[in-house]
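These notes are about the structure you will find just below.
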Amino acid sequence: DAGVIQSPRHEVTEMGQEVTLRCKPISGHNSLFWYRQTMMRGLELLIYFNNNVPIDDSGMPEDRFSAKMPNASFSTLKIQPSEPRDSAVYFCASSAPSSGSTDTQYFGPGTRLTVL
Amino acid sequence: GEDVEQSLFLSVREGDSSVINCTYTDSSSTYLYWYKQEPGAGLQLLTYIFSNMDMKQDQRLTVLLNKKDKHLSLRIADTQTGDSAIYFCAEDSGYSTLTFGKGTMLLVSP
């Protein structure tokens with residue numbers, strides 16, 4: 001079992017550039033979550049999908065952020081244009097269907113984004 | 001709204017017990033979780049407890065749940081330097097989502 005896969009692991013870009021973060025959830029999981037982690041705000045849920053459909057994007061900070069899940073095995077988080085305050089570690093997590101069981105989320109290793 | 005509170009930092013000596021505390025607000029949570037984050041890595045599930053239990057033990061880990069006070073704790077017995085990490089408490093928030101605390105940094109000194 002490969003776990004949740006994220007790419008790239010590190011991204012350094014200049015302000016104004018477009019950034020695309022990628023995630024492959026665990027096979028068979030039907031929920032996918034994007035989080036952002038910073039020292040100041042801790043772990044914030046940005047958006048989550050269930051069966052490839054966005055359920056709640058209220059955590060997405062601005063219109064500069066967008067996320068897609070074209071199929072069950074792939075999701076992207078895009079920032080356009082990027083700003084220095086977007087610098088953070090972005091995590092993707094996935095979970096299996098829950099019906100009377102836990103909602104355990106399995107996290108990827110994260111993408112450390114630095115916007116100069 | 002839901003809010004999960006944790007102390008930010010705990011320092012212990014190797015071999016001592018560590019106790020990390022957490023308070024939550026959603027009394028309807030079915031499960032409560034403890035995750036561990038090592039430097040440069042994602043969060044990893046350590047253990048969880050069902051809301052109708054008041055204690056769960058798993059090797060060196062003991063989870064205590066006080067539903068009346070909405071208080072959750074994680075005790076690590078015989079703490080090792082490899083236990084140094086950030087520990088997150090989380091509650092289920094419905095619709096498969098979790099609400100995480102800001103994390104407690106545990107530093108274990110030799």
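The values are calculated or read from the model by the stated rules, or taken from the named source; none is laboratory data. What you are looking at is a predicted structure, and each value in this text was computed from that prediction instead of being measured. All Cβ positions, glycine included, derive from the backbone under ideal geometry; neighbour counts span all protein chains shown. Accessible surface is based on the protein model in full, side chains and every heavy atom, while ligands, DNA and RNA are left aside. Shrake-Rupley method; radii C 1.70, N 1.55, O 1.52, S 1.80 Å.
Can you confirm whether A:Ser58 is within 9 Å of chain B (Cβ to nearest Cβ) and more than 21 Å from B:Gly103 (Cβ to Cβ)?
On the way: within 9 Å of chain B (Cβ to nearest Cβ): no; more than 21 Å from B:Gly103 (Cβ to Cβ): yes.
In short, no.
So is A:Pro97 surrounded by fewer than 15 Cβ atoms within 10 Å (Cβ to Cβ), at the interface with another protein chain (Cβ under 9 Å from one of its Cβ atoms), more than 10 Å from A:Val19 (Cβ to Cβ) and touching a residue at least 40 places away in the same chain (Cβ under 8 Å) or not?
On the way: surrounded by fewer than 15 Cβ atoms within 10 Å (Cβ to Cβ): yes; at the interface with another protein chain (Cβ under 9 Å from one of its Cβ atoms): yes; more than 10 Å from A:Val19 (Cβ to Cβ): yes; touching a residue at least 40 places away in the same chain (Cβ under 8 Å): yes.
Yes.
Going by the conditions given, is A:Tyr90 free of Cβ contacts under 8 Å to residues at least 40 places away in the same chain and aromatic (Phe, Trp, Tyr)?
So A:Tyr90 fails the test.
For B:Leu46, state whether it is without any contact (Cβ under 8 Å) to a residue 24 or more places away in the chain, among the aliphatic types (A, V, I, L, M) and crowded, with 17+ Cβ neighbours inside 10 Å.
On the way: without any contact (Cβ under 8 Å) to a residue 24 or more places away in the chain: no; among the aliphatic types (A, V, I, L, M): yes; crowded, with 17+ Cβ neighbours inside 10 Å: yes.
No: the conditions fail for B:Leu46.
Could you list, in sequence order, all residues of the stretch A:8-23 that are open to solvent by less than 50 Å² (accessible area, probe 1.4 Å) and outside any strand (DSSP E or B)? It would help to see each step written out before you state the result.
Step one: of the stretch A:8-23, the residues open to solvent by less than 50 Å² (accessible area, probe 1.4 Å) are A:8, A:13, A:16, A:19-21, A:23.
Result: A:Pro8, A:Gly16.
Condition first: within 14 Å of chain A (Cβ to nearest Cβ), in contact (Cβ under 8 Å) with a residue 40 or more places away in the chain and under 10 Å from the mean Cα position of the chain (by Cα). Can you find one or more residues in the stretch B:23-33 that meet it?
Yes, the stretch B:23-33 contains a residue that is within 14 Å of chain A (Cβ to nearest Cβ), in contact (Cβ under 8 Å) with a residue 40 or more places away in the chain and under 10 Å from the mean Cα position of the chain (by Cα).
Based on this model, can you work out whether B:Ser96 counts as within 13 Å of chain A (Cβ to nearest Cβ), in a loop (DSSP other than H, G, I, E, B) and open to solvent by less than 10 Å² (accessible area, probe 1.4 Å)? Full working, then the answer.
Details: within 13 Å of chain A (Cβ to nearest Cβ): yes; in a loop (DSSP other than H, G, I, E, B): yes; open to solvent by less than 10 Å² (accessible area, probe 1.4 Å): no.
No.
Looking only at the stretch A:67-80, count every residue that is within 20 Å of A:His29 (Cβ to Cβ) and open to solvent by 30 Å² or more (accessible area, probe 1.4 Å) and tell me the total. If you could, list the steps in order and put the result at the bottom.
The first filter runs over the stretch A:67-80 and keeps only residues within 20 Å of A:His29 (Cβ to Cβ), leaving A:67-77.
Adding the requirement that they be open to solvent by 30 Å² or more (accessible area, probe 1.4 Å) leaves A:68, A:70-74.
Looking only at that region, the number is 6.
Which one of A:Ser87, A:Ser82 is among the hydroxyl-bearing types (Ser, Thr, Tyr) and out of contact with any Leu (no Cβ under 7 Å at 6 or more places or on another chain)? I'd like the intermediate steps shown before the answer.
On the way: A:Ser87 fails: out of contact with any Leu (no Cβ under 7 Å at 6 or more places or on another chain).
Of A:Ser87, A:Ser82, the one residue that is among the hydroxyl-bearing types (Ser, Thr, Tyr) and out of contact with any Leu (no Cβ under 7 Å at 6 or more places or on another chain) is A:Ser82.
Filter the stretch A:33-42 down to residues that are at pLDDT 90 or above and facing another protein chain (nearest Cβ under 10 Å) and give me whichever is nearest to A:Thr104 (Cα to Cα).
Filtering first and then ranking leaves A:Phe33.
Mind checking which strands (runs of 3 or more DSSP E) fall wholly inside the stretch B:2-43 and carry at least 2 residues that are at pLDDT below 95, open to solvent by 10 Å² or more (accessible area, probe 1.4 Å) and under 13 Å from B:Phe88 (Cα atoms)?
On the way: elements: B:9-13, B:18-23, B:31-37.
In the stretch B:2-43, there are no strands (runs of 3 or more DSSP E) which contain 2 or more residues that are at pLDDT below 95, open to solvent by 10 Å² or more (accessible area, probe 1.4 Å) and under 13 Å from B:Phe88 (Cα atoms).
What number of residues in the stretch B:54-89 are of a type in the set (A, V, I, L, M, F, W, C), within 13 Å of chain A (Cβ to nearest Cβ) and open to solvent by 10 Å² or more (accessible area, probe 1.4 Å)? Steps first, please.
Filtering the stretch B:54-89 for residues of a type in the set (A, V, I, L, M, F, W, C) gives B:55, B:61, B:63-65, B:72, B:74, B:76-77, B:85-86, B:88-89.
Among the residues that remain, those that are also within 13 Å of chain A (Cβ to nearest Cβ) are: B:86, B:88-89.
From what is left, the residues that are open to solvent by 10 Å² or more (accessible area, probe 1.4 Å) are B:86.
Residues that pass the stated criteria total 1.
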